[in-house]
1. Just tell me how shielded B:97-108 is by partners: mean number of partner chain Cβ atoms within 10 Å of each residue's Cβ, no decimals.
2. Just to confirm, what accessible area per residue do you get for the protein assembly as shown at 1.4 Å probe, in whole Å²?
3. Computing the accessible area with a 1.4 Å probe over protein heavy atoms, can you report the carbon and sulfur percentage for segment A:4-114?
4. Largest first, how would B:E247, A:E100 line up by accessible area (1.4 Å probe)?
5. Taking the Cβ of B:K235 as the center, what net charge do the other residues with Cβ under 12 Å away carry, scoring Lys and Arg +1 and Asp and Glu -1?
6. Rounding to the nearest 20 debye, state how big the charge dipole of segment A:4-114 is about its Cα centre with +1 on each Lys and Arg Cβ and -1 on each Asp and Glu Cβ.
7. Which Cα, out of B:W118, B:P60, B:S160, lies furthest along the positive dipole direction of chain B (beta carbon charges, K/R +1, D/E -1)?
8. Please work out the FRET efficiency for the pair B:Q70 and A:Q23, using the Cβ-Cβ distance as r and a Förster radius of 41 Å; give the result to the nearest 0.05.
Amino acid sequence: MKVTLKVWRQKNKSTPGEFKAYQTPELNGNMSFLEMLDVVNEGLANKGEEPIAFDHDCREGICGTCSLVIDGKPHGPHQGIATCQTYMRSFEDGDEIYVEPFRAAPFEIIKDLVCDRKSFDRIQQAGGFITVRTGAAPDANSIPVPKDNSDLAMDAAQCIGCGACVAACKNASAMLFVAAKVSHLGLLPQGQPERFKRVKAMVDQMDKEGFGSCSVTGSCEAVCPKSITLDFIAMMNRDYAVALLKGDPKPIAGGGA
Amino acid sequence: MRIYPAVHYTMGGLWVDYNLMSNVSGLFVMGEANFSDHGANRLGASALMQGLADGYFVIPATIAGYLATQSPGKRPKTDHASFVQAEENIRNMQKLFMNSKGKRTPASFHKELGKIMWDYCGMARNKAGLEKALQLLPALREEFWQNINVMGQEMDWNQSLEQAGRVADFIELGELLCLDALKREESCGGHFREEYQYTPDDEETKKGLVNPGDVKRRDDEFAHVSAWEFAGVGKQPILNKEPLIYEEVHMSTRSYK
Ligand code: FES
């Protein structure tokens with residue numbers, strides 16, 4: 001099979017970009033979408049043209065590095081998988097495929113299809129941690145976790161932080177990502193000490209980064225490669241409301257051991 | 001966690017001590033990147049298990065011991081001689097790549113390397129094949145440094161340049177893999193040497209203890225970790241043997257009979 005690609009090419013963040021058309025050589029339907037781009041790039045390099053820059057790492061759907069909006073959909077045509085798990089057999093011979101970067105103001109374009117998702121790291125750093133004691137290793141199973149909570153926390157922990165939720169949202173909202181991170185820790189006993197501080201800090205950072213508000217269109221859930229559900233957003237909103245009501249805890253004088 | 005078959009990576013990794021610290025003080029190595037749990041046998045998804053075990057259970061209990069001995073502000077700075085040296089090496093390598101007016105892309109070398117490794121150092125290996133690979137790889141390394149062509153600019157986001165640096169490392173690692181596989185004259189876990197398997201004529205087969213074709217391990221000679229020490233590019237690495245001594249639970253051979 002052969003397809004025609006319309007690829008977004010942009011030299012850097014300060015130069016305007018444009019779509020460029022590329023005809024692929026003969027492809028195998030069992031190639032992944034990224035392998036197809038590898039083949040196209042090899043052809044470009046051999047002709048002395050600069051290869052198309054795109055993000056990738058594990059290529060098996062676990063790292064969240066690949067991005068791409070394929071024919072208008074973040075992570076391509078299928079539900080519940082990432083771009084790297086999308087295969088050419090999902091397309092027809094002769095198809096014309098539009099390939100764009102994730103677009104959102106807080107995700108600045110670095111080059112071609114690569115965008116800067118450091119804002120997600122900063123949100124994580126604002127609250128995505130727990131306190132642990134140091135010293136000898138604790139006994140296994142010394143902290144009981146209710147099965148329902150551990151299942152839910154696991155569902156939230158599936159989030160690979162790719163940013164597809166932001167790319168799909170008309171408001172460029174990062175609520176699904178933040179909700180997954182907040183709920184993952186908030187559902188577990190280990191996450192309780194910072195629970196309300198965490199949700200405030202992470203939501204505040206999200207707003208600071210310029211992500212939009214959630215108007216519950218559900219597009220994030222539809223494109224999430226890990227099928228994270230809107231329920232987590234509801235859960236986060238509840239925790240956030242409680243955190244606002246509780247206010248900041250008063251500092252206690254004379255702490256320390 | 002969902003898993004599915006994919007081409008796998010290397011087994012084994014950097015040497016670490018019991019606390020997962022490498023021989024560089026303060027450099028901890030976790031998950032697949034260290035040698036501690038792999039090198040012999042690996043079943044599906046054990047890479048993920050190692051990541052979880054190291055990340056959840058080992059590191060939280062061991063890294064604190066190291067951090068407790070460090071005083072803030074005493075960490076080596078970037079004007080440290082080793083840092084300056086390392087930075088200069090990278091700059092020189094990048095210059096070399098950018099100035100090279102060769103004909104082949106990093107990807108084409110990567111592919112050729114992959115083919116050699118697949119053919120001669122794949123799931124089943126033998127002496128002749130490994131020796132062949134050890135002739136092909138140094139030649140490939142030579143050609144790589146003479147005939148590489150890297151597109152783009154040095155100071156831009158440049159994935160070809162990144163790939164060139166990685167492929168340089170992969171060639172070195174590939175050579176080491178072949179050398180190690182050649183020296184380990186037994187079959188053990190993921191390392192299957194065609195010469196070391198049970199035949200219908202072996203005593204053990206006749207007694208019905210093993211099936212013909214089962215792997216032949218040679219614990220008398222090879223019950224050790226091979227920790228290879230880098231001795232310079234193109235130089236034969238130094239073998240450090242770390243004996244595997246088990247006092248309570250003794251090694252046994254898996255038999256599917
Ligand atoms: S490359 Fe890792 S999730 Fe796609």
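The values are calculated or read from the model by the stated rules, or taken from the named source; none is laboratory data. If you're wondering where the values come from, they're calculated on a predicted model, not measured in any experiment. As a convention, Cβ positions derive from the backbone with ideal geometry for all residues, glycine included, and neighbour counts pool all protein chains shown. Note: accessible area is taken over every heavy atom of the protein model, side chains too, but ligands, DNA and RNA are not part of it. Shrake-Rupley method; radii C 1.70, N 1.55, O 1.52, S 1.80 Å.
1. Across the residues of B:97-108, the mean count of other-chain Cβ atoms within 10 Å is 2.
2. On the way: 29380 Å² over 514 residues.
Here the per-residue accessible area is 57 Å².
3. Values: 2260 of 4880 Å².
Accessible surface attributable to carbon and sulfur in segment A:4-114 totals 46 percent.
4. My answer, sorted largest first, is B:E247, A:E100.
5. -3
6. With only Lys, Arg, Asp and Glu charged at Cβ, the dipole is about 380 debye.
7. B:S160
8. Values: r = 57 Å, r/R0 = 1.39.
My answer for the efficiency is 0.10.
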